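Heads up: the structure comes next, in structure tokens.
The values are calculated or read from the model by the stated rules, or taken from the named source; none is laboratory data. Quantities reported herein were computed from a predicted structural model and do not represent experimental measurements. As a convention, Cβ positions derive from the backbone with ideal geometry for all residues, glycine included, and neighbour counts pool all protein chains shown.
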Amino acid sequence: MNWSIATVVDVLAETDRTVSIVLEVPGWPGHRAGQHVDVRLTAEDGYQAQRSYSIASAPDDDTLVLTVERLDDGEVSSYLAGELRAADELELRGPIGGYFVWDGSLGGPLMLIGGGSGIVPLRAMLRHRIAQSSTVPVRLLYSARTRADLIYHDELVAAAREPGIDVRYTLTRDQPEGWDGYDRRVDLELIRDAVWPPADRPLVYVCGPTAFVEVAADALVSLGHEPGRIRTERFGPTGR
Amino acid sequence: MLDGNAIAGTLSAVFGADMTLAVSTCGGCGARGPLAETAVYLHAPGLVVRCRTCDSVLVVVVERDGRYCVDVRGVAGLGEPPRPAAGRRP
């Protein structure tokens, strides 16, 4: 798999710490919902840094979009989500990954569990489900610190009005007045409450920081969900 | 610690195919599972892939000057990556 040069078409602010980067990639072969790309930056002295970022756009979308969260000491993310501008060029390779992907042939019910910027590949799956007019029931459980940290909030609110789509939130640090979602970190009881019972055999995708994924996946298994129907992807300051 | 998804691009460059669905068998404890579910450490010297069950080192990948050195001595068996059509349901 070779590196290619992408051109930045636009950089859109999503939250205080996240941007969506709209890219034009000549010869892009298309991707599957949930895949990612590797991005490589090269300094003038030849030093290179490489990170993986999930693709936020659906295969059905016209452009390729990455959503990147700026980490406090992220040498790549602070550039991508701070300094990058339209018409800049980026070196990338992809699409990558065949495990954490969903399409209609896999069926459902489709349970998506995202923590923080772990929402990004799940958003691609949700958009794909909608673009394909699929009738697979989808439920999204999305954990963020505060409401202002919810990425794609307006889009998710609109998606939840579609038949068969249920979006639930938990805000772990601060909740606005009148908040009717969950108000704590994901734990066994929250998973039991928010996820279809094991008898419904949901296909579950969990994406987020490592600790978040471990808690959610362990809870799912201990509640009796089949390990073979749980797919996980871990984000981290050292990776994605 | 991340997981095998995080090094899918590097594995793809090394093996010439997506390896996240390829099933590896741990040489330490015999646990089997897709490479996507292994434990991955990016900031060791090189990339280190460990067994999620017994923590044995499965694979080490070091890149230098555009070349990859891959140590797979910890892997007792590595399945062929399924073709895309078959790989959708492991």
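Residue count for segment A:109-132, restricted to those that are surrounded by fewer than 24 Cβ atoms within 10 Å (Cβ to Cβ), in contact with a helix residue (DSSP H, G or I) (Cβ under 7 Å, 6 or more places away or on another chain) and either within 14 Å of another protein chain (Cβ to nearest Cβ) or closer than 27 Å to A:Arg184 by Cα (or both): 1. When segment B:4-40 is examined, which residues are found to be over 9 Å from the mean Cα position of the chain (by Cα), more than 9 Å from chain A (Cβ to nearest Cβ) and surrounded by 22 or more Cβ atoms within 10 Å (Cβ to Cβ)? Across segment B:4-40, the qualifying residue is only B:Cys26. Of the residues making up segment A:68-77, none is at pLDDT 95 or above, exposed (fewer than 15 other Cβ atoms within 10 Å of the Cβ) and not charged (D, E, K, R). Within segment A:64-108, the set of residues being within 13 Å of chain B (Cβ to nearest Cβ) and part of a strand (DSSP E or B) comprises A:Glu91, A:Leu92, A:Arg93, A:Gly94, A:Pro95, A:Ile96.
Take the conditions buried (at least 23 other Cβ atoms within 10 Å of the Cβ) and either touching a residue at least 24 places away in the same chain (Cβ under 8 Å) or farther than 19 Å from A:Val215 by Cβ (or both) and apply them to A:Tyr99. Does it pass? Answer is yes for this residue. Candidates in segment A:187-240 are the residues that are surrounded by fewer than 18 Cβ atoms within 10 Å (Cβ to Cβ) and polar (S, T, N, Q); of these, the one that is nearest to B:Thr38 (Cα to Cα) is A:Thr238. Scanning segment A:78-96 for residues that are crowded, with 22+ Cβ neighbours inside 10 Å and not aliphatic (A, V, I, L, M) yields a count of 2. Criterion applied to A:Met125, A:Met111 was being touching a residue at least 60 places away in the same chain (Cβ under 8 Å) and in a strand (DSSP E or B), and the one residue passing it is A:Met111. The residues of segment A:152-180 that are among the hydrophobic types (A, V, I, L, M, F, W, C) and under 15 Å from A:Met125 (Cα atoms), listed by number, are A:Leu156, A:Ala159, A:Ala160, A:Ile165, A:Val167.
So which residues in segment A:190-240 are over 24 Å from A:Asp149 (Cα atoms), within 14 Å of chain B (Cβ to nearest Cβ), in a helix (DSSP H, G or I) and among the aliphatic types (A, V, I, L, M), if there are any at all?
Selection gives A:Leu220, A:Val221.
Selection within segment A:7-53: residues that are part of a loop (DSSP other than H, G, I, E, B) and of a type in the set (Ser, Thr, Tyr). The member of this set that is surrounded by the fewest Cβ atoms within 10 Å (Cβ to Cβ) is A:Tyr47.
Of the residues in segment B:55-76, at least one is surrounded by fewer than 16 Cβ atoms within 10 Å (Cβ to Cβ), of a type outside the set (Gly, Ala, Ser) and closer than 23 Å to A:Pro209 by Cα.
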